[in-house]
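Quick notes on the structure that follows.
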Amino acid sequence: MQKGTIQVQTENIFPIIKKFLYSDHDIFLRELISNAVDASQKLKTLSSIGEAKGEVGDLLIEVKLDEENKTITISDRGIGMSAAEVEKYLNQVAFSGAEEFVKKYKGQNENAIIGKFGLGFYSAFMVSDKVEVFTKSFKEDAPAVRWECDGSPEYMLEETNKTDRGTDIVLHINEESAEFLDPERIRGILLRFCRFLPVPIYFRHKNEEADAPPINNTQPAWKKKPSELTAEDYQNFYKELYQYNEPPLFWIHLNVDYPFNLTGILYFPKIKQSYEIQKDKIQLYSNQVFVTDEVKDIVPEFLMLLHGVIDSPDIPLNVSRSYLQGDPNVKKINNHITKKVADKLEELFNKERKEFEGKWDNLGLFVKYGMMTDDKFMERGNKFHLFEVAGSAEGEKKFYTLDELRMATETLQKNKDGKLVILYTTDIVQQDAYIRGAEAKGYIVVKLDTIIDPSFVNQMETKWNDVTFNRVDADIADNLIDKQENLDSVLSKDDEATLKGLFDIKMTGLSMTVEVKGLSTEAPPVVATRPEFMRRMKDMASMSGPMGSFYANMPD
Ligand code: ADP
Ligand code: MG
């Protein structure tokens, strides 16, 4: 047997790292700015525990684009690096100074540090022929140094005369990456990845006004305490995220620190029709750094309709910061979000039922979709899912929960198996006669006429095992125990026989067709609902002759 160590040739591995580590070249800016943020946060931490002397001053980050010289410079006023630190952190690929710092200063706001893999810095070489680093450590006796590297494993390190604390990273943009010399391209990347980073970032280029504000909001709403925020603050943040005019229906502020770290705000947008649904409107952040807006797996499928922000340093990200599926933390976060959404809906329902009902048009879609796709959510949803009564007018709409519907219809809407028969309409105009017929019998007809309802009816019929659905215009005689049919006849046996001899009565659903026997007429048979039929019988009683007196003797 033989054991050994595999030899890695830096000359060969370096181009591979450069080329394949990140598929998306835009992220070089995110990585370098993340490092600048880390350097600033580290300085704050060290200053707060007395390890860094002197003024911290204004911590800010500048991104300077120089189109003529084809450079992009990222400058910070963070901790900087001594010559020894440059050797340690920049010359050792995959050695993360961020990780080292987090271990050393555990308990000192270490969650604020973004870095993790010790590879982000090298993304600079994806877009550069040459990278220069000018840096001066916060330690007063450390001279400033300049590091230079062209992307080969050889580098150059020398003293330089930088006087301010902090680091300038100068990227000499290569031929293939000329697109990054376009200010709008850079601004786009900054807005995408850095919009909510905690240190102000200024973008400078020749057409930019010198006193332009920072491109980022360093204190996004989700990082604040819910008690510090008004409804207006939440609405404004929604606008800031999406530039929508329509305010959200309501929102949920997520704030967990155990067993995982998660903050965020989820908004319920106003949606009435499925074609209005926009997925991928939830943005995932890790320590305020934008990661992705594909949150599949982190957010349950049915909640992808929500909008907003989720921020968690505990979502396991790989080097390219896409997250790893199937991770137990991700599963927990997913469950937590589902629970929070159900909590919020239940709270609204319990505390502000009228308001909840008023929003049902928009909420129904989420709730139904959730109940269909997530059994845990269905259990919760059973309490606040609403049926809208078909006949109720705008402004005085009437709603029932499943349990309320059960109580209101009591024994009337049951079939022979004891199941609740939910009578529903898919079209209140076309099925109007049937609805009124059913209502006249004391039945409650509910409206299930949205795009999701056919599948909802299908699914719930199997999930709610003591419920069956019956469209109001379908034959319901089979399904319902017809209480009125079971009433003892008020007619004498003789009268009944006479009546039966005179009419042909055919039941179809709630309508009956009545033909007077022996009357050869071209006129169509009378189609009437039962109450209507009784009324007509009365009218006929006023006719003269033997028939009239027969009707007149009919019981009420
Ligand atoms: P990570 O951020 O995951 O640790 P990087 O490859 O992005 O890995 O950076 C390597 C290390 O280089 C950092 O951890 C840090 O110690 C150092 N470094 C990079 N950029 C800066 C900077 N702007 N200021 C101070 N130190 C820096
Ligand atoms: Mg980094």
- Query: In the range 74-89, which residue that is in a loop (DSSP other than H, G, I, E, B) and near ligand 1 (Cβ under 7 Å from one of its atoms) is farthest from N287 (Cα to Cα)?
  - Reply: M81
- Query: When you go through (1) within 16 Å of ligand 2 (Cβ to nearest atom); (2) closer than 30 Å to N12 by Cβ; (3) surrounded by fewer than 20 Cβ atoms within 10 Å (Cβ to Cβ) one by one for A98, which number turns out not to apply?
  - Reply: (3)
- Query: Only one residue in E179, E132, E158, E154 is within 14 Å of ligand 1 (Cβ to nearest atom), charged (D, E, K, R) and without any contact (Cβ under 8 Å) to a residue 60 or more places away in the chain, so which one is that?
  - Reply: E132
- Message: Step by step: first the residues of the range 176-190, then only those that are surrounded by fewer than 17 Cβ atoms within 10 Å (Cβ to Cβ) and at pLDDT 95 or above, then the one that is farthest from the chain's Cα centre (by Cα). Which residue is that?
- Response: A178
- Item | G118 within 9 Å of ligand 1 (Cβ to nearest atom) and buried (at least 22 other Cβ atoms within 10 Å of the Cβ) | no
- Query: Quick one: is K88 in contact with a helix residue (DSSP H, G or I) (Cβ under 9 Å, 6 or more places away or on another chain) and over 30 Å from R187 (Cβ atoms)?
  - Reply: yes
- Message: Given the criterion within 15 Å of ligand 2 (Cβ to nearest atom) and small (G, A, S), identify the matching residue among A52, A84, A112.
- Response: A112
- If we ask which residues in the range 53-73 are surrounded by 19 or more Cβ atoms within 10 Å (Cβ to Cβ) and either among the polar types (S, T, N, Q) or in a loop (DSSP other than H, G, I, E, B) (or both), their number turns out to be 1
- Would you check if there is a residue in the range 31-39 being within 16 Å of ligand 2 (Cβ to nearest atom) and in a loop (DSSP other than H, G, I, E, B)? no
- In this structure, is I113 farther than 20 Å from V63 by Cβ, more than 7 Å from ligand 1 (Cβ to nearest atom) and either buried (at least 21 other Cβ atoms within 10 Å of the Cβ) or β-branched (V, I, T) (or both)? yes
- Message: Take the residues in the range 1-20 that are among the basic types (K, R) and surrounded by 10 or more Cβ atoms within 10 Å (Cβ to Cβ); name whichever of them is farthest from A124 (Cα to Cα).
- Response: K19
- Item | Flag if E132 is buried (at least 18 other Cβ atoms within 10 Å of the Cβ), more than 18 Å from Q41 (Cβ to Cβ) and touching a strand residue (DSSP E or B) at 6+ places or on another chain (Cβ under 9 Å) | yes
- Index of the failed condition, S48 passing every other in (1) at pLDDT 95 or above; (2) more than 20 Å from G120 (Cβ to Cβ); (3) surrounded by 11 or more Cβ atoms within 10 Å (Cβ to Cβ): (1)
- Among the candidates K19, K42, which residue alone is within 13 Å of ligand 2 (Cβ to nearest atom) and not in a strand (DSSP E or B)? K42
- Note on the structure: Residue hits (the range 90-135; within 16 Å of V37 (Cβ to Cβ), outside any loop (DSSP other than H, G, I, E, B) and of a type in the set (S, T, Y)) are S123, T135
- What residue, of Q288, Q283, is at pLDDT 85 or above, under 19 Å from P247 (Cα atoms) and polar (S, T, N, Q)? Q283
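Residues checked against (1) at pLDDT below 90; (2) on the phi < 0 side of the Ramachandran plot; (3) touching a Leu at 6+ places or on another chain (Cβ under 6 Å):
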site: Q243; (1), (2), (3): yes, no, no
site: P269; (1), (2), (3): yes, yes, no
site: Q278; (1), (2), (3): yes, yes, no
site: V299; (1), (2), (3): yes, yes, no
site: I310; (1), (2), (3): no, yes, yes
site: V319; (1), (2), (3): yes, yes, yes
site: L324; (1), (2), (3): yes, yes, no
site: K339; (1), (2), (3): no, yes, no
- Message: Can you say whether F138 is more than 14 Å from ligand 2 (Cβ to nearest atom), crowded, with 17+ Cβ neighbours inside 10 Å and closer than 30 Å to T263 by Cβ, as far as the supplied structure shows?
- Response: yes
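The values are calculated or read from the model by the stated rules, or taken from the named source; none is laboratory data. Here the structure is a predicted model, which is why all the values come from computation and not from measurement. Note that we place each Cβ from the backbone using ideal geometry, even for glycine, and neighbour counts take in every protein chain shown.
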